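Here's the structure, in structure tokens; my notes come after.
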Amino acid sequence: MKVHHLNCGTMRPLGGKALDGRPGMLRRSTIVAHCLLVETADSLVLVDTGFGTRGVTESRRWLGGPFMAMVGAKPTMEETAVAQIRALGHDPADVRHIVMTHLDVDHAGGLADFPDATVHVRTTERRAADNPKSFPEKTRYRAEQFAHSPLWSTYDEAGEKWFGFDAVQPLRGLPPEILLVPLPGHTHGHSGVAVDTGDGWLLHAGDAYFFHGEVAPVSPHCPPGMRVFEAINQMDGATRRANLARLRTLAREKQDEVSVFSAHSPVEFQALRRNTAQPSAS
């Protein structure tokens, strides 16, 4: 299967070195919304959707003013999944499946651009988005993004072990090379998405971590501001940290078999995009 790496939403939060480890405190850092477009034998599959077109045309209502201010969101039409799919020569209508790491505002904003696609997500995550109970859940999920009544396909059963992780399989209507890998912590129903490219596995770890250095094989590290940001946005800190430790071990011990990356690291995004020799669409 051919996989394209897309940045479907650039963010420019204040924080400089405290967020990205590079010199200079009084500047904005760059964060991406790393999505995947997977070409299967009979359709296109998206992994996460970024801000979406209405994130551009109705930014404050669609994404929320507090979110935009916090992360310095810079929505552009060129970075929407729809625009990048067209730039790659595909019809967005051929996206028949969307596999979600979770349903936060910056991941689910593009769902409405693909109203006929089946949306695969863990049951726990859908329930949280449908009926947010805590204040953090009420701020992270935007009811507007689900008002088109997505065609949900939900999962709560664990499948066979995948490199020591539980994996939900099979995903209905999808080839066995695409797996949901439960990674709760950031949200209660958070998952990674694993894709077997034929040349090795990709593991999109969503928001299980944010900074590339956290899964470095030698001397893993994270700038203090990013560590605080992760803590503020987690639903279960102990579980998230345990899953991060497991991801770090996987990245170190199986680096020839699995490429682990997060949703928001520009370093990981650029490295993977270069490795696939993909034409730039944003």
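The values are calculated or read from the model by the stated rules, or taken from the named source; none is laboratory data. It should be emphasised that the depicted structure is a prediction, and the values quoted were computed from it without experimental measurement. Methodologically, a virtual Cβ is constructed for each residue, glycine included, from the backbone with ideal geometry; neighbour enumeration extends over all protein chains shown. Accessible surface is based on the protein model in full, side chains and every heavy atom, while ligands, DNA and RNA are left aside. Shrake-Rupley method; radii C 1.70, N 1.55, O 1.52, S 1.80 Å.
Quick look at the values:
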| item | result |
| --- | --- |
| Count - residues of the stretch 150-196 that are part of a loop (DSSP other than H, G, I, E, B), open to solvent by 10 Å² or more (accessible area, probe 1.4 Å) and on the phi < 0 side of the Ramachandran plot | 15 |
| Which numbered condition D236 fails, given (1) in contact (Cβ under 8 Å) with a residue 60 or more places away in the chain; (2) farther than 20 Å from G200 by Cα | (1) |
| When residues of the stretch 199-233 are limited to those that are of a type in the set (G, A, S) and over 30 Å from P176 (Cβ atoms), the one least open to solvent (accessible area, probe 1.4 Å) | G213 |
| Selection count where residues are open to solvent by 20 Å² or more (accessible area, probe 1.4 Å), of a type outside the set (V, I, T) and touching a Phe, Trp or Tyr at 6+ places or on another chain (Cβ under 9 Å), scope the stretch 117-133 | 4 |
| Residues of the stretch 97-154 classified as touching a Pro at 6+ places or on another chain (Cβ under 7 Å) and without any contact (Cβ under 8 Å) to a residue 24 or more places away in the chain, total | 1 |
| Scan of the stretch 134-149 for residues that are part of a helix (DSSP H, G or I), open to solvent by less than 60 Å² (accessible area, probe 1.4 Å) and closer than 17 Å to T187 by Cα, ordered by number | P136, E137, R140 |
| The stretch 217-231 residues that are closer than 17 Å to R140 by Cβ, paired with ones that are part of a loop (DSSP other than H, G, I, E, B) and among the charged types (D, E, K, R) (beta carbon under 9 Å, 6 or more apart) | E230/D207 |
| Candidates M68, M1, M25, filtered to the one that is without any contact (Cβ under 8 Å) to a residue 12 or more places away in the chain and touching a Ser or Thr at 6+ places or on another chain (Cβ under 7 Å) | M68 |
| Residue in the stretch 104-112 that is within 19 Å of K138 (Cα to Cα), under 17 Å from the mean Cα position of the chain (by Cα), hydrophobic (A, V, I, L, M, F, W, C) and not in a helix (DSSP H, G or I) present | no |
| Residue under evaluation D48, criteria (1) of a type in the set (D, E, K, R); (2) touching a helix residue (DSSP H, G or I) at 6+ places or on another chain (Cβ under 6 Å); (3) open to solvent by 40 Å² or more (accessible area, probe 1.4 Å), criterion not met | (3) |
